[in-house]
1. May I ask you to derive the FRET efficiency for Phe87 and Ile12 from their Cβ-Cβ distance with R0 = 41 Å, giving the value to the nearest 0.05?
2. Per DSSP helix of 4 or more residues, -39500 (n - 2.57); summed, then divided by the residues of the chain. What does that give at 222 nm, rounded to the nearest 500?
3. Take the Cβ-Cβ distance between Arg98 and Leu74 as r, set R0 to 35 Å, and report the resulting FRET efficiency rounded to the nearest 0.05.
4. What ratio of Cα Rg to 2.2 N^0.38 Å holds for region 1-119?
5. Quick check for me: using +1 on Lys/Arg Cβ and -1 on Asp/Glu Cβ, what's the dipole size of region 1-120 about its Cα centre, in debye to the nearest 20?
6. Would you mind putting 12-21, 111-120 in packing order, based on average other-beta-carbon counts within 10 Å, highest first?
7. In terms of the ratio Rg/(2.2 N^0.38 Å) built on C-alpha atoms, what value belongs to region 55-124?
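Readers should treat all values here as calculations from the given coordinates under stated rules, not as data from a laboratory. As the structure is a computational prediction, the values presented were derived from the model and not from experiment. Cβ sites come from the backbone with ideal geometry, for glycine too, and all protein chains shown count toward neighbours.
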Amino acid sequence: MNEPNFVVERGIPPEALEVMERTDARRRNFSRNLKISIAGMVLLLVLGLVVLGLDFKFMGKWLGFILTGLGFTLLVSILAISLACVFSVIGALGRLSRNPIFNAMATLYVSLIRGTPLLVQVYM
């Protein structure tokens, strides 16, 4: 009989099997490379902290306080980014508006924000 060249037990063409094997190999390589990269970054971080001469006993003693500050910092960052997104969408819509009042207010806001240094904005 003139049958196509298929793997009989799985019903998958050999070309597809090759592609699947290459995809699996890429996935394994990516996972391995990611683990190596993360381990390398952690190692560099620890070496950097040791070279800087940080007192790990002090850090261990105040770890709860440090983690509380980390949580508060992340909360403030998320709120600031959310507020900035809302203001940017309002500014963009105002700039696209045909209403001259909204357009002028949005243009003034965008010009002030883009025209002042970040450090000045932080202390405003």
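1. 0.15
2. Counting only the DSSP helices, I get -28000 deg cm²/dmol.
3. Computed FRET efficiency for Arg98 and Leu74 comes out at 0.30.
4. Normalised Cα radius of gyration, region 1-119: 2.09.
5. In debye, rounded to 20, region 1-120 gives about 580.
6. Most protected by this proxy first, the peptides run 12-21, 111-120.
7. With N residues counted in region 55-124, Rg over 2.2 N^0.38 Å equals 1.72.
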